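Nothing in this text is a laboratory measurement; each read-out follows from the coordinates by a stated rule. This is a predicted model, so every value here is computed, not measured.
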Amino acid sequence: MTKSERTGGTAVRSGGTASSRRYAVGGGPGTAGRLRDLSAQAVTDWYGPLTPATRTAAADVQLLVTELVAHAARRGGVPYELRIDRSVDGVWLQLSDTAADRPRPGGRHRPAQPSGHCLYLVQRLAAAWGWVPRERGRTVWCEISFPSPARTGPSEGARSG
């Protein structure tokens, strides 16, 4: 019995720090939704109450997590780990899966098609993306930029009067 089977879910937090989360993924129905929820929680923990600008970036994180999981499934792979890191400029996503092929955009984008938009969306929404071959498949990564937090009041330590 795997760790995710014992917990009844498809994702189990297996490590991380204050600015990094790592989840072991068991695959199966509901994987994308659970990973979306976990990524949303990480962003909320790191960025606190979202402004309109950070809310857009947070939605991009959730969408790209979903698209990376979908891309793995379409290529016959099973996701086995999601890593989410807060970087200086935003959020870094890494999805490791068992697919062995190089991720390639599907040529000319066809918006009227019901599927096949995964890497097109990654290219459009991510500041950068790529992949790394692994012994057990590959890791597809992308970075989503977040706006700098705006200062809403006097800086710490400032005194009035």
task: Counting residues in the stretch 27-72 as N, plug N into 2.2 N^0.38 Å and put the Cα Rg over that result.
output: 1.18
- line: Expressed in Å to one decimal, the Kirkwood Rh of the stretch 27-146 from all distinct alpha-carbon pairs is 14.5 Å
